[in-house]
Amino acid sequence: MNATVGCVGDLLVEIMRENIGDPLDRPGTFLGPYPSGASGIFIDAAARLGLGARFVGAVGKDDFGRLILNRFKADGVDTSHIKVLEKETTGVAFVTYFSDGSRKFIYHLAKAATGCIFPDDIDRAYFSDLRYLHIVGSTMFINTHSAEACVKAAHMVKNAGGKISFDPNFRPELLSKSEVKELFNPILALADIVFPTHEELAVLTGEKNIQKACDRLLDAGARMVAVKQGKRGSAVYTADEHVYVPAFRVDEIDPTGAGDCYCAGFLFGAVHEMGLEESARFANAVGALAVTRKGPMEGAPIMKEVRALLTRES
């Protein structure tokens, strides 16, 4: 497969409450399992848009693992470097949604198959011709060896002439500034494009003002910062340019995965040499469509759907 983007990351299934507001500490009805994991959602969305997509990760030799691999194969993700482990089970997240838009998760990750990513799993030949390697913070804080594998892959791709994109993807209330600095600085030092939320940006830089915070990341070496702002759209900053693009109006069914799909859409624009505003608008469309179906990967659109939304809102 012609390589365009790659990812080292987390793979899991998500099992969600059927009704909004149902707590996880009481018996009730669940929906799923749905293939998930921030990195997995990203790479599947990239493949569905037509980008050559490679992935390093791990699943268990079980039905949940087969569910993920079958989805990837159907959508065009190269699965040749996804390990299928005999002793570990596939990662699982149980989730419930609340009416204010918040979510609560119970995870089985660190000791699951998805936590078994090691530096030795990074194959130089597999990543040597990538245009972009995408790293997601949620993979890095599974455990130490997962973080080390991400950093090793980033150095390999950078040394081979590829570029690095980084989505911090963490809950600011759960990580201190010092923890963020220790964990993410090795990747931030290599990143060409950073995809934070406003809240993540403040923790990463210590600045609440978006412009000043983005300037800090740009001064540290990033070529571009694309700030994901959910229903407000997105803002993109470079050393010479700043654009804001409003969001598309859609009926939201499930917000999980919208940011990951946005990243895939933006890298599609970067690979095809779109301008900042065009890339952000394309990414906003991909992210908007992602929320219109229940299930983390289910809304990841194909190109026909993206073009239809772009045309409708032009």
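Quick notes
- Residues of segment 87-106 classified as without any contact (Cβ under 8 Å) to a residue 24 or more places away in the chain and in a strand (DSSP E or B), total: 1
- All conditions in (1) free of Cβ contacts under 8 Å to residues at least 40 places away in the same chain; (2) exposed (fewer than 15 other Cβ atoms within 10 Å of the Cβ); (3) not hydrophobic (A, V, I, L, M, F, W, C) hold for Asp251, with the sole exception of (1).
- Qualifying position, being within 23 Å of Ala74 (Cα to Cα) and surrounded by fewer than 16 Cβ atoms within 10 Å (Cβ to Cβ), among Lys231, Lys294: Lys294
- For segment 7-46, a residue qualifies if it is at pLDDT 95 or above, among the small types (Gly, Ala, Ser) and in contact with a helix residue (DSSP H, G or I) (Cβ under 6 Å, 6 or more places away or on another chain), and the qualifying residues are Ala38, Ser39, Ala45, Ala46.
- Arg54 vs. criteria in contact with a helix residue (DSSP H, G or I) (Cβ under 8 Å, 6 or more places away or on another chain), among the basic types (Lys, Arg) and either under 30 Å from Asp129 (Cβ atoms) or loosely packed, with under 15 Cβ neighbours inside 10 Å (or both): yes
- Matching residues, segment 1-57, being of a type in the set (Gly, Ala, Ser), in contact with a Lys or Arg (Cβ under 8 Å, 6 or more places away or on another chain) and in a strand (DSSP E or B): Gly6, Gly57
- Subset of segment 155-181 that is at pLDDT below 90 and among the acidic types (Asp, Glu) - its residue that is farthest from Asp123 (Cα to Cα): Glu173
- Residue count for segment 215-228 satisfying the condition of being touching a residue at least 24 places away in the same chain (Cβ under 8 Å) and part of a helix (DSSP H, G or I): 1.
- Yes/no for Val84 being part of a strand (DSSP E or B), crowded, with 19+ Cβ neighbours inside 10 Å and modelled with pLDDT of 95 or more: no
- Taking segment 229-243 as the range and being touching an Asp or Glu at 6+ places or on another chain (Cβ under 9 Å) and not in a loop (DSSP other than H, G, I, E, B) as the test, the residues that pass are Lys231, Val236, Tyr237, Val243.
The values are calculated or read from the model by the stated rules, or taken from the named source; none is laboratory data. What you see is a predicted model, and the numbers here were worked out from it, not measured in a lab. Please note: Cβ atoms are built from the backbone with ideal geometry, for glycine as well, and neighbour counts cover all protein chains shown.
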